[in-house]
Amino acid sequence: MTDTNESATSAGASAPDERTPAETRRNTPGGGVRPAADAIEPSAPDEFGLVQAWWGDGKGKTTASLGMAFRAVGHGYRVHLLQFMKGGADSVEDVRGEYNTIAAVPGISYENTGHYGWHGMRDGSDEDDHRAKARGAMARAEELLAAAADADLTEPLPLDADPEAGVHLLVLDEVLYAVDQGLIDENDVLGLVESKPGNLELVLTGSHTEPTYLLNAADLVTEVRKVKHPFDAGIRARKGTEY
């Protein structure tokens, strides 16, 4: 039996440890070709309409939702991010890196309705204000879902239009955590899911507790589990990674 490497070498190709960088790239699945980036033009998704829930005690729930948001925007879909309870602690600046990026990229917008500070963490913030802001965020989410229901989501939407004109993907960040903290009710979230128009992709994040009430209602449920976190070693939120 002839060794594959010997056969390739005898045919004139370099052995793996002798390949040039260009030869190595040519042997990758993409053939070493770097895909060109297209200009972002308004478009409409063919297969949106699912409900996603991202929960767990690990870092990465908001990060994952933002990754999907920017991926969708890259295809020309209209995206909006509505954040519940994203005020943060005193180690986090009020302007996060994603806000600056969103402002620079067409097709995506955001709102932060959260109180600066975290409910239940004894940071001196007004607990009643936390509850009022969470209820306000819920009312805003209902408005956005109603607007999406009125829009034709099978068609491209203007990238610079207000979210009231409809969006293809809506991220409700930390909404599940607001349920955990008793600021809103799980039935409120189920009501949002039930009122979702068929072509809207709805992404819900937050919660360290499994949102069992969503297991039948959601199409994708992902647990982001902590194995190790720098916070446990006393390392606070870092600019550029956590905010």
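The residue of region 113-162 that is surrounded by the fewest Cβ atoms within 10 Å (Cβ to Cβ), among those that are touching a strand residue (DSSP E or B) at 6+ places or on another chain (Cβ under 7 Å) and at pLDDT below 95, is Thr113. Of the residues Asn199, Asn216, Asn187, the single one that is in contact with a His (Cβ under 9 Å, 6 or more places away or on another chain), of a type outside the set (A, V, I, L, M, F, W, C) and assigned by TED's automatic domain parsing to the domain that holds Leu82 is Asn199.
Does at least one position in region 194-211 carry a residue that is at pLDDT below 95, over 21 Å from Met138 (Cβ atoms) and in a loop (DSSP other than H, G, I, E, B)? Scanning region 194-211 turns up no residue that is at pLDDT below 95, over 21 Å from Met138 (Cβ atoms) and in a loop (DSSP other than H, G, I, E, B). May I ask you to verify whether Ser207 is over 25 Å from Asp46 (Cβ atoms), assigned by TED's automatic domain parsing to the domain that holds Gly107 and among the polar types (S, T, N, Q)? Spelling it out, Ser207 is indeed over 25 Å from Asp46 (Cβ atoms), assigned by TED's automatic domain parsing to the domain that holds Gly107 and among the polar types (S, T, N, Q).
Return yes when Asp188 is surrounded by 13 or more Cβ atoms within 10 Å (Cβ to Cβ), of a type in the set (D, E, K, R), outside any loop (DSSP other than H, G, I, E, B) and at negative phi and no when it is not.
yes
Out of contact with any Asp or Glu (no Cβ under 8 Å at 6 or more places or on another chain), touching a residue at least 24 places away in the same chain (Cβ under 8 Å) and among the small types (Gly, Ala, Ser), is that true of Ala217? No: the conditions fail for Ala217.
All of Met68, Met85 fail the test of being closer than 30 Å to Ala148 by Cβ and either hydroxyl-bearing (Ser, Thr, Tyr) or assigned to a loop (DSSP other than H, G, I, E, B) (or both), apart from Met85.
The values are calculated or read from the model by the stated rules, or taken from the named source; none is laboratory data. This structure is a prediction, so every number in the text was calculated from the model and none was measured. As a convention, Cβ positions derive from the backbone with ideal geometry for all residues, glycine included, and neighbour counts pool all protein chains shown.
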